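The values are calculated or read from the model by the stated rules, or taken from the named source; none is laboratory data. As the structure is a prediction and not an experimental result, all values here were calculated from the model. A quick note on method: Cβ atoms are made from the backbone with ideal geometry, for glycine too, and the neighbour counts reach across all protein chains shown.
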Amino acid sequence: MITIIVPVLNEASNIPILDESVKKVMSVINLDHEIIFIDDGSRDGTLNAIKKLDDNYSRFISFSRNFGKEAAIVAGLEHARGEAAIIMDGDLQHPASLITEMIDQYRAGYDQVVARRNKNGEPMRRRIPSNIFYKLMNYTSTVHLEDGEGDFRLISRKVIDSILLLSENNRFSKGIFEWVGFNKKVIEFDHIHRTSGRSTFNPLKLADYAIDGISAYNHRPLRICFYLGLMVLLISLAYIAYMLVNIVINGVDVPGYFTIIASLLLLGSIQLFSLGIIGEYVGRIYIETKSRPKYIVREQSDSMAQEEEKIR
């Protein structure tokens, strides 16, 4: 059996289309499957659209509020019954036709089959920030990410179990997929424009997402603060020595206004920048020590409720 995990947020109009396209592909493959829809606090009737699906393959989990896509992915993996799982978005930008090739590569022995989106047709206003993020991420992080590789992928049961061993609340799935390792196969597909609905990502959320990714897998930003502070200290000592020698040779000169202002601005900005980075890590420690659940379920399909009763 293959489990297909679909996190959705305000995608009511796309649910029937996605369900039909997945069923059409799976009927050709002739392989048992299940679809788990994770409703991440939608407010547009997405849950009702899921409940109206007239098949025995679809199950759902509905969160009490919006906990984010990372929590939705974890929920889907925790309830997946298949020997492998395929994670795909509900906005129809991940073509269901790739499922066939993913399963073929999985049968060939790959534990991760990643669908890499190429940049053809993507607007420059999204392409440029994306390129900057990946370059910065790979420079500062201990894991290497490829531009265009996202959550659309097939992962084997070994990968699923490895991911579920990780207990952190601050999750960055792209990094987690790379961190757990296993053999990987990459297949490419063309960028598909959203046909309906509206993306919930805005520049501010994308910036927050980039910060989460950079700070999730390394402490190198803290190390940068250390080296930056050391460099400023050495420059300051050299400047003090230079001024002392100048005073001994030429006598006391009138202190320069520019020198004072420049020194204050330089040191103050470096201190604030460093405190911001340190604060980001302290905040993560603070959140992790709370040990709160990654999500809260408001409602779920009957089969899932029965499974949890058996576990208890």
request  = Report yes if some residue within the range 35-42 is farther than 18 Å from residue 106 by Cβ, in the same structural domain as residue 95 (by TED's automatic domain parsing), surrounded by fewer than 19 Cβ atoms within 10 Å (Cβ to Cβ) and in contact with a helix residue (DSSP H, G or I) (Cβ under 8 Å, 6 or more places away or on another chain); otherwise report no.
outcome  = no
ask   = Do we have residue 75 as surrounded by 15 or more Cβ atoms within 10 Å (Cβ to Cβ) and in contact with a helix residue (DSSP H, G or I) (Cβ under 9 Å, 6 or more places away or on another chain) here?
value = no
ask   = Tell me, which residue of the range 151-193 that is polar (S, T, N, Q) and without any contact (Cβ under 8 Å) to a residue 60 or more places away in the chain is nearest to residue 294 (Cα to Cα)?
value = 167
ask   = Would you pick out the residues in the range 17-32 that are within 26 Å of the chain's Cα centre (by Cα) and of a type in the set (A, V, I, L, M, F, W, C)?
value = 17, 18, 22
message = Yes or no: the range 88-106 includes at least one residue that is without any contact (Cβ under 8 Å) to a residue 24 or more places away in the chain, assigned by TED's automatic domain parsing to the domain that holds residue 184 and at negative phi.
response = yes
inquiry  = Filter the range 97-147 down to the residues that are modelled with pLDDT of 85 or more, in a loop (DSSP other than H, G, I, E, B) and out of contact with any strand residue (DSSP E or B) (no Cβ under 6 Å at 6 or more places or on another chain) and list them by number.
reply    = 97, 108, 109
ask   = On the given criteria, is residue 60 in the same structural domain as residue 34 (by TED's automatic domain parsing), in contact with an Asp or Glu (Cβ under 8 Å, 6 or more places away or on another chain) and assigned to a strand (DSSP E or B)?
value = yes
query = Which residues, taken from the range 63-76, are assigned to a helix (DSSP H, G or I) and free of Cβ contacts under 8 Å to residues at least 60 places away in the same chain?
reply = none
query = Out of all the residues in the range 82-96, which are in a loop (DSSP other than H, G, I, E, B) and surrounded by 15 or more Cβ atoms within 10 Å (Cβ to Cβ)?
reply = 82, 88, 89, 90, 91, 92, 93, 94, 95, 96
ask   = Scanning the range 151-195 for residues that are at pLDDT below 80 and part of a helix (DSSP H, G or I), which turns out surrounded by the most Cβ atoms within 10 Å (Cβ to Cβ)?
value = 175
